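Worksheet: one structure, shown below.
The values are calculated or read from the model by the stated rules, or taken from the named source; none is laboratory data. Since the model is a prediction, treat every value here as computed from it, not as a measurement. Virtual Cβ from ideal backbone geometry, glycine too; neighbours counted across all protein chains shown.
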Number of protein chains: 2
Amino acid sequence: MWMQFKDRLNVMTMIPNHAEEALFGAIEAGGTKFVCAVGSRPSDIRIKEQPTENRKEFNTADGPEIVFANVVKWFREMEKKLGRNISAIGIASFGPVDLNESNALSYGCITSTPKLSWRGANLLEPLRSEFGHALPIGLDTDVNGAALGEFTWGAAKGIEDFVYVTIGTGLGAGAMSRGRLLHGLVHPEMGHMLLPRIPGDPFPGSCTKHGACWEGLCSGTAIQSRAGKPAQDLESDDSAWIFTTRYIGYALANLICVLSPRRIIIGGSVRKAGKLGQDRFFERIRDEVQAALAGYVVSDSLAGGIRDYIVPAALGDDAGVCGAFELARMKLSGLAG
Amino acid sequence: MWMQFKDRLNVMTMIPNHAEEALFGAIEAGGTKFVCAVGSRPSDIRIKEQPTENRKEFNTADGPEIVFANVVKWFREMEKKLGRNISAIGIASFGPVDLNESNALSYGCITSTPKLSWRGANLLEPLRSEFGHALPIGLDTDVNGAALGEFTWGAAKGIEDFVYVTIGTGLGAGAMSRGRLLHGLVHPEMGHMLLPRIPGDPFPGSCTKHGACWEGLCSGTAIQSRAGKPAQDLESDDSAWIFTTRYIGYALANLICVLSPRRIIIGGSVRKAGKLGQDRFFERIRDEVQAALAGYVVSDSLAGGIRDYIVPAALGDDAGVCGAFELARMKLSGLAG
């Protein structure tokens with residue numbers, strides 16, 4: 001009885017900036033590393049943990065059993081340290097992952113990843129065996145999670161139709177339509193969109209499945225493969241920047257044609273653009289988008305207002321864990337993603 | 001008082017198959033012709049009118065003043081003929097059209113069309129001056145309207161995330177995500193998506209803005225321009241079919257990556273595919289989609305189940321007016337599209 005009342009109190013206190021907000025566990029499950037945190041929002045990330053030179057516990061390559069044993073152990077330690085229990089957990093995961101709750105057996109499982117040890121891995125089960133089946137666990141893709149973080153606290157605040165693109169080792173995007181994250185048959189895999197080739201570009205693309213898809217042309221991996229060194233080390237006049245920003249322009253023009261977003265947010269390490277610099281990187285992308293659309297879609301956001309239309313992520317590297325906090329909060333309060 | 005009660009009765013009777021359903025006006029405003037109808041649903045299209053050799057009143061080329069004068073006159077005649085008043089009107093219109101109700105001045109106006117006489121034309125005003133400002137008028141794009149028709153009565157019944165593609169003189173697509181039609185900054189213009197070129201294809205594309213975008217490569221106009229004759233007259237082994245179906249495969253693969261629809265529905269005259277035939281046309285498209293995705297997105301719908309995944313429109317040429325009925329009904333009952 002008292003527990004029920006306490007649970008209701010937790011729900012009642014889920015108001016931003018409230019002093020006694022619930023404590024959430026956040027897991028940003030990336031293809032390279034897991035980033036874990038406890039807290040409730042960007043201004044309340046109590047403790048955040050990720051692999052460092054001295055701390056190797058959260059490396060995705062170790063496989064689900066080892067990683068989740070470490071994650072669970074770490075959450076328990078944090079609860080002890082803070083003297084409070086975690087009320088819900090949010091997971092923003094690499095994919096493809098089954099997000100269909102009506103699939104009793106495969107909901108929460110990684111499906112066709114090239115990471116063999118993760119194929120079929122259940123992301124919810126290890127948490128449930130430790131914390132019990134009653135603990136709410138919110139789950140979405142890494143990019144939808146980051147999109148949710150930007151929507152709740154960042155560059156998409158108050159904008160119900162937008163796209164969040166991340167360009168790092170890989171390339172992906174999440175989207176919201178009318179205030180709800182885009183799902184469907186599986187979940188979007190926008191990085192694998194096919195694009196026109198720029199005449200004279202000799203680079204075959206780096207995607208093992210599609211060669212020159214968006215990810216195969218513009219991810220950090222693609223840039224490294226094209227230029228022989230990582231994006232941050234390229235000279236600002238390296239032709240790789242010309243090709244990369246033009247292909248990004250094609251892809252964003254396509255997203256505008258398909259989704260008609262009210263804003264496009266770009267995160268991930270490549271956006272910092274090393275010696276070219278983030279400002280010039282964004283200027284080029286905006287120019288390329290306008291060139292690709294050729295004036296067909298009429299809106300001030302695509303003309304004079306384009307500097308406020310294609311913008312960098314506001315939460316930076318915290319978008320993922322903050323989105324996971326929000327996934328936890330939504331699950332706790334019974335809201336669907 | 002009695003009127004209010006009658007209005008409530010109208011709302012209360014909006015149950016499919018109810019004998020005394022409200023009478024709606026439907027306008028499918030196409031780039032070539034207007035198709036008008038009165039009725040309530042596919043099995044209750046009381047009267048449908050469109051330009052014929054003897055009847056020239058609804059030709060879009062006549063411009064908004066003439067066309068709308070004829071439309072209004074026709075609706076009044078139908079009311080008299082049926083002895084009933086129209087309760088609401090739905091418009092599924094060519095675009096680009098301003099669908100943002102918070103834009104007091106431009107809501108319901110055609111924006112950047114190449115049809116000069118229609119630029120800035122207000123689609124709602126002529127109806128309001130005849131029927132009064134109290135008459136509910138639902139408005140969306142032609143493709144969203146057709147998508148809504150297929151969702152309510154056709155091939156998307158019960159499927160809340162899907163894409164409806166129409167390939168006719170032009171090429172466009174509408175989509176629903178989680179049960180709501182996709183809107184945003186403006187509205188989708190999926191036909192203008194940029195696609196990879198097939199090596200060795202000499203056709204430059206027919207889009208005046210983008211050359212070889214999806215519409216520029218695959219619309220009826222593009223096929224005619226490529227092959228020198230209309231799609232329905234092409235031999236089944238004409239290379240135009242090979243190019244066209246492959247480009248459609250690229251485009252649908254991109255839509256799958258971006259939207260993750262649970263079904264893709266194809267309408268429009270080109271799908272009938274003349275001597276190639278609709279069945280073979282769809283078989284080829286399904287094969288091309290699978291080839292383009294290269295197994296990356298894992299779902300039975302994209303493997304063994306693909307025949308139920310990429311399907312022809314069920315309402316055929318009535319999808320647009322039926323969608324307009326539903327737009328009218330939703331507006332009358334206070335539902336947003």
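One table, with the values for the structure above:
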{"read-out": "Tally of residues being at pLDDT 95 or above, of a type outside the set (A, V, I, L, M) and in contact with a Ser or Thr (Cβ under 8 Å, 6 or more places away or on another chain) across region A:268-286", "value": "5"}
{"read-out": "Of all residues making up region B:114-142, the number that are touching a residue at least 40 places away in the same chain (Cβ under 8 Å) and either more than 20 Å from B:Ile89 (Cβ to Cβ) or among the hydrophobic types (A, V, I, L, M, F, W, C) (or both)", "value": "11"}
{"read-out": "Selection within region A:252-287 - assigned to a helix (DSSP H, G or I), closer than 22 Å to A:Pro188 by Cβ and more than 10 Å from chain B (Cβ to nearest Cβ)", "value": "A:Leu252, A:Ser269, A:Val270, A:Arg271, A:Ile285"}
{"read-out": "Number of the condition not met by B:Asp161 [criteria: (1) of a type in the set (D, E, K, R); (2) assigned by TED's automatic domain parsing to the domain that holds B:Glu28; (3) crowded, with 16+ Cβ neighbours inside 10 Å]", "value": "(2)"}
{"read-out": "Which listed residue, of A:Lys80, A:Lys73, is under 18 Å from A:Leu123 (Cβ atoms) and either free of Cβ contacts under 8 Å to residues at least 12 places away in the same chain or part of a loop (DSSP other than H, G, I, E, B) (or both)", "value": "A:Lys73"}
{"read-out": "One residue from A:Gly334, A:Gly304 being on the phi > 0 side of the Ramachandran plot and either assigned by TED's automatic domain parsing to the domain that holds A:Ile223 or of a type in the set (Gly, Ala, Ser) (or both)", "value": "A:Gly334"}
{"read-out": "Contacts under 7 angstrom Cβ, first residue in region A:301-328 being without any contact (Cβ under 8 Å) to a residue 60 or more places away in the chain, partner in a loop (DSSP other than H, G, I, E, B), 6 or more apart", "value": "A:Ser301/A:Tyr309; A:Ser301/B:Leu185; A:Leu302/A:Tyr309"}
{"read-out": "Test: residue in region A:273-289 that is under 20 Å from the mean Cα position of the chain (by Cα), hydrophobic (A, V, I, L, M, F, W, C) and either buried (at least 22 other Cβ atoms within 10 Å of the Cβ) or within 24 Å of A:Gly174 (Cβ to Cβ) (or both)", "value": "yes"}
{"read-out": "Region A:109-119 - residue that is surrounded by fewer than 22 Cβ atoms within 10 Å (Cβ to Cβ) and not charged (D, E, K, R) and, of those, nearest to B:Val297 (Cα to Cα)", "value": "A:Ser112"}
{"read-out": "From A:Ser102, A:Ser106, A:Ser117, residue being assigned to a helix (DSSP H, G or I) and either of a type in the set (Ser, Thr, Tyr) or at pLDDT below 95 (or both)", "value": "A:Ser117"}
{"read-out": "Subset of region A:291-337 (residues that are of a type in the set (Val, Ile, Thr), in a helix (DSSP H, G or I) and surrounded by fewer than 24 Cβ atoms within 10 Å (Cβ to Cβ))", "value": "A:Ile306"}
{"read-out": "B:Ser260, sole failed condition from (1) in contact (Cβ under 8 Å) with a residue 60 or more places away in the chain; (2) more than 24 Å from A:Ala175 (Cβ to Cβ); (3) touching a His at 6+ places or on another chain (Cβ under 9 Å)", "value": "(2)"}
{"read-out": "Which listed residue, of B:Ala156, B:Ala146, B:Ala104, is of a type in the set (A, V, I, L, M) and surrounded by fewer than 24 Cβ atoms within 10 Å (Cβ to Cβ)", "value": "B:Ala104"}
{"read-out": "Check on A:Gly168, farther than 16 Å from A:Gly320 by Cβ, away from chain B (no Cβ under 14 Å) and surrounded by fewer than 24 Cβ atoms within 10 Å (Cβ to Cβ)", "value": "no"}
{"read-out": "Residues that are part of a helix (DSSP H, G or I) and either free of Cβ contacts under 8 Å to residues at least 40 places away in the same chain or in contact with a Ser or Thr (Cβ under 9 Å, 6 or more places away or on another chain) (or both), drawn from region A:221-234", "value": "A:Thr221, A:Ala222, A:Ile223, A:Gln224, A:Ser225, A:Arg226, A:Ala227, A:Ala231, A:Gln232"}
{"read-out": "Of the criteria (1) within 14 Å of another protein chain (Cβ to nearest Cβ); (2) hydrophobic (A, V, I, L, M, F, W, C); (3) crowded, with 18+ Cβ neighbours inside 10 Å; (4) within 19 Å of the chain's Cα centre (by Cα), which one A:Leu139 fails", "value": "(1)"}
{"read-out": "Which numbered condition A:Ala92 fails, given (1) modelled with pLDDT of 90 or more; (2) surrounded by fewer than 16 Cβ atoms within 10 Å (Cβ to Cβ); (3) closer than 28 Å to A:Gly174 by Cα; (4) among the aliphatic types (A, V, I, L, M)", "value": "(2)"}
{"read-out": "Criterion: of a type in the set (A, V, I, L, M, F, W, C), modelled with pLDDT of 95 or more and under 18 Å from the mean Cα position of the chain (by Cα) - qualifying residue of A:Ile310, A:Ile306", "value": "A:Ile310"}
{"read-out": "Some residue of region A:45-54 being among the aliphatic types (A, V, I, L, M) and modelled with pLDDT of 65 or more", "value": "yes"}
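Residues checked against (1) within 13 Å of another protein chain (Cβ to nearest Cβ); (2) free of Cβ contacts under 8 Å to residues at least 60 places away in the same chain:
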position: B:Arg180; (1), (2): yes, no
position: B:Pro199; (1), (2): yes, yes
position: B:Ser206; (1), (2): no, yes
position: B:Ser236; (1), (2): no, yes
